[in-house]
Every structure is written in C-alpha cells, then in structure tokens.
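Enquirer: Here's a structure for you.
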Amino acid sequence: MIAELSQSARRQIAQAAITIKHFALWFVGITLRPYQLEAANAIIKSVFNRDGLTFVIIFSRQSGKDETLAIIFLFLLLRFIEWGADMVCAQPTFKPQTINAMERLRNRGTNFGRRLRRTACYIMRLGQARVSYFSTDPSANVVGATADRLLVINEAQDVDPTVYDKRFSPMAASGNATKVFSGTSWTTDTLLEREKAAALIAEKQDGIKRVFIVDSMEVAKANPLYGRYVEQEIQKLGRQHPLIRSQYFCETIDAQAGMFNAARRALMQGDQPAQSTPIAGHHYAFCIDVAGQDEALLNLDGMGNPGRDSTTLSIVDIDLSTLPTLQAPTYRIVSRHAWQGQNHLTIFGKLKAFADQWRPQHIVIDATGVGEGLWAMLDKAFPARVIPVKFTQQTKSEIGWRFLAIIETGRIRDCSDEQASSLHRPLPTGDGRKTVHDVVRLQYDKCQSEILPGPAKTLRWGVKDGTRGPDGGLIHDDYILADSLVAELDTLNWSLSSPTLITQPPDYIKQEERNF
C-alpha cells in the first residue's frame, strides 16, 4: 500500500510521524499556532528523552490549550503504537471536563478509524499505547494507574494540591514521566501557581523553558476575531475585573483581599448631587436589604455579618443614555434610608410612601428568611414591579461578580451624602457627627472577599463578623448589600424609548381618480 503512494505522499507521512506540526496538519487537519507548537515541541522532546521535566501551560481562555493537549496525546499514541506507553490526563471533574477531553481526542483522531477505541469507559487506546482519563475529585478511584511517559493535570488551578501530591504525583515515578500542568491563571494558592513558581526556578538553573504563558494579546495576533471578542468582554466587565485579569491576561489575583480597593471606590464617586425628590422624566429603582437573623446561614467562617440590625434602602436613578455605547444602563445611588429595630409592617408603610413619591420601575428586595414577609406586602402593593432575591452562597457569589463588573465599567455612582440618622453611633470627629456617606465608606473599606477553591469560582464576600470601626462600634454590610442588588437590575432587558411614529399609507383610490 505504501509503495503505491506517490513520493510526495510518502514524504508527508514520514514528516507527520516525526514532527507534531506536520502530524497536526496532515493527520488532524489543524494548523497549530506558533505558541501551541512551542509548548508541544518542548513537551514531546522531554517525553522521548525521558527527561522527567515539569511544564506549565497557561493560555488565555478558549485559545487552544485543550486542543494542543489532545494533539500531543494523539501524536504520542501514534509514535508508541507498537512499543506501548501509559499516559494519564486528569481534570477536576469527570462530568463534563473528563468526558469532554476524551471526546475531543476521539474527534481529532477520526483518521485512525476504529483503531482508536475507548475501553473501560475511561481509557483511549491506539495499539499498545493508551491514555487514561481521570477526575481529581477526592472520591474518584485512581488506584493502580501509572503514567510511564506523560502525566497531564489539566485545569490545575481547580485541583486540590494535596489530592495531586498524594494520588497523582506517584503515577509518574516508574518511568520518570514528563509532567504538564495546564490551566488558566487564578489565585496565588493554587496548584497551577505552585508548579509555575517551581518551574520558573528550574528554568533559571538550566535555561530550559518550562513555563509557557500566552495572553489574549498574543492570541489576537493569530486570531483577530478572538481579539475583538476580548475587547467586548473588557467593555462589559472592565479591564481590572478579576475574571478578565485571570482568564484573558493570565494575571494572578489574590484569593483573599479587600473587595473594594481605592481604584474601585474612585470609579464609584458621585458625579451629581444627591436627590431628596424625584426628577421628572428620570427612571428609578429601589434596592432593599432586609434585616434578619436568617442571613446568619451565609456567615461561613465569619465572612459576613449575621443578624444585621438595619433594613436599608438605596434609591437608584437609572440612566439609559449609556445604552448605545455600553449596551447597559448607568446606576446612580441618589438617596439612602435605613431603619433600625422597627417591625416590618412599619417599614412597609414607609417604603410604600417612598414608592408613591418616587414611582420606581422596579423594587429589588432581599427576600431571604424574614424578608419574605416584607417582599409579600410590597408585591401585593406593587404587582409586577417587585424582584425578590433569595440569598444563598451561590446567588450571593453571582451578585458579587456582576456588581464588580458594574463597578469596573464605571456604571455605578454613589451620589448620596445625606446626614446620618440616630441609628449610627457618632464617629470621634470634631463635631461628633457623621454622614451616611461616612458609614457607607467604612462598610466598603472593611468589606473582604474570598474566592473558594474549585471550578465554581465561588466568591464569598462581606464585612467579617465582629469588625469594628474607629469608634469601637460594629460595622455591618447592609448598605453594600442593598447597593449590590443593582446587579439584578443589570439582568433586565433595557431599551431606549422613542416617540411613536405613525405613517399614513398611500390613498390608492385618490391616485386612481387622478389618473383619470
């Protein structure tokens, strides 16, 4: 059969069996980009030489990392088809990540036909060579697996370092296997960052490149459409949003930090005076955080203040003029109110009076636990205008991420600076008084955030229980939670209204009469 092939075809087959560049082009039908080839060639060289090197691949999101790994595995399966080789690829979850990885390998290897087959549900085999796919979930069964040539830990930023050290690292021992840690930058305490730091030290010692970092700017050089997409995401979330920094610019973020740093607070500075009454023609919304002991359920490890003693209202002026440029409104907090130690029936009466005055289009309310009663009363009084929010760890995380995106794009402004009521103890300043703005500033300054390990990217945030201000009084986060509910407004479909234009159809009868 080979003899019947042309000299050019035989040369192509020979080249495809030697270099991954030609293998990808002629066997898979994919042209690997320069940054993919650089990493792939370094890994394959280590595998063939049994150097046992450790490599770290950090590519921006959706830039070909998983495709590169699939082609590396296919190439090695072909090269070791007769000699035999055991390789391992592990991901944080079996479904969908591990299943997707196996399907990607199968789809890229269609030219191998039935010779590339799946056995035992988790092994892809070609002749005597095979790749075993595992989940790094602590409950997964990986006992007895070996990786004598290559061990890949994919999405390593979401893998528990202790699970890797105990269950996966020993797999490489028998054959001094090459190890690859791939993923997307995340926090400083991840397995990916640990291995990157060690690989950079090794690079300085022997000069062999082990760390391959490719951000969105580099990818855009090869794929301009990718660059346009990232620009849109930056416009939507802001360049300093943690997800933009980590997923598209390969920048590591802090796992624990102050959530609202000086740069973010500067973006929230007011650009117009506070309002005590509504302005004709403006659109308004109410964001309400309800006091209640039930929110103690969210106080995991002291993050968040349970049993806040104030029900807070942020009145938001919704500016739709930014829709054409930002595809989203700008929110201005123009008035704040809080009630301490009052029953919900009394608070409902005051909220109804404010609503009759301001006529908000939407009322977003914390309906967690005891908040259900106030929500029910408002929903009955203002049907179709009330949006309830049931706080759980997941919903609070999602609101936190969206709130940061609104801040980073400059779409929320704190224009409220009213005098504080008696519910706040005075700060030790010269005149013994403080404004609501002072209280809000303290809450934002003391608000902490923590990103929990795992692929869910859960953001836990709030003022930690027991935090006190300069006067010794407890600092809560009721104003922040009320403000953050603008994230729910951001999920609505907003559009600019325009005057109705009525066009008169032509009068065909009169036209016919004129013709005669």
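The values are calculated or read from the model by the stated rules, or taken from the named source; none is laboratory data. Model, not experiment: these values are computed from the prediction. Quick reminder, even Gly has a Cβ in these numbers, built from the backbone with ideal geometry, and neighbours come from all protein chains shown.
Enquirer: Within the range 110-136, how many residues turn out to be crowded, with 17+ Cβ neighbours inside 10 Å and assigned to a loop (DSSP other than H, G, I, E, B)?
Expert: 2
Enquirer: Considering each residue of the range 363-375, count those that are surrounded by fewer than 20 Cβ atoms within 10 Å (Cβ to Cβ) and either among the aromatic types (Phe, Trp, Tyr) or touching a Phe, Trp or Tyr at 6+ places or on another chain (Cβ under 9 Å) (or both), and give that number. Quick ask: steps written out before the conclusion?
Expert: Within the range 363-375, the first condition is being surrounded by fewer than 20 Cβ atoms within 10 Å (Cβ to Cβ), and the residues that meet it are 369-370, 372-373.
Restricting the remaining residues to those that are either among the aromatic types (Phe, Trp, Tyr) or touching a Phe, Trp or Tyr at 6+ places or on another chain (Cβ under 9 Å) (or both) gives 369, 373.
Residues meeting the conditions: 2.
Enquirer: May I pose another question? Select the strands (runs of 3 or more DSSP E) contained entirely in the range 305-367, then report the ones holding at least 2 residues which are farther than 15 Å from ALA381 by Cβ and charged (D, E, K, R).
Expert: The strands (runs of 3 or more DSSP E) meeting that bar are 310-319, 330-340.
Enquirer: Moving on. Of the residues that make up the range 441-460, is at least one in a helix (DSSP H, G or I) and either of a type in the set (S, T, N, Q) or modelled with pLDDT under 85 (or both)? Lay out the reasoning, then the answer.
Expert: Start the filter on the range 441-460 by keeping residues that are in a helix (DSSP H, G or I), which leaves 441-446.
Subsequent filtering for residues that are either of a type in the set (S, T, N, Q) or modelled with pLDDT under 85 (or both) retains 443.
Yes - at least one qualifying residue is present in the range 441-460.
Enquirer: Also: Just the residues that are touching a strand residue (DSSP E or B) at 6+ places or on another chain (Cβ under 8 Å) and surrounded by fewer than 24 Cβ atoms within 10 Å (Cβ to Cβ), please, taken from the range 158-168.
Expert: ASP158, TYR164, PHE168
Enquirer: Here is a list: ALA147, ALA140. Which entry is without any contact (Cβ under 8 Å) to a residue 60 or more places away in the chain and either outside any strand (DSSP E or B) or under 17 Å from THR54 (Cβ atoms) (or both)?
Expert: Exactly one residue qualifies, and that residue is ALA140.
Enquirer: With respect to ARG104, determine if the residue is outside any loop (DSSP other than H, G, I, E, B) and either under 26 Å from GLN247 (Cα atoms) or in contact with a helix residue (DSSP H, G or I) (Cβ under 8 Å, 6 or more places away or on another chain) (or both).
Expert: yes
Enquirer: Consider PRO383 against the criteria (1) more than 26 Å from TYR444 (Cβ to Cβ); (2) of a type outside the set (Gly, Ala, Ser); (3) out of contact with any helix residue (DSSP H, G or I) (no Cβ under 6 Å at 6 or more places or on another chain); (4) surrounded by 17 or more Cβ atoms within 10 Å (Cβ to Cβ): it satisfies all of them except one. Which criterion is unmet?
Expert: (4)
Enquirer: I'd like the full set of residues that are of a type in the set (Ser, Thr, Tyr), assigned to a helix (DSSP H, G or I) and in contact (Cβ under 8 Å) with a residue 40 or more places away in the chain, limited to the range 390-407. Explain how you work it out, then say what you get.
Expert: Restricting attention to the range 390-407, the residues satisfying the condition of being of a type in the set (Ser, Thr, Tyr) are 392, 395, 397.
After this cut, where a residue has to be assigned to a helix (DSSP H, G or I) as well, the list is 395, 397.
Residue satisfying the conditions is SER397 alone.
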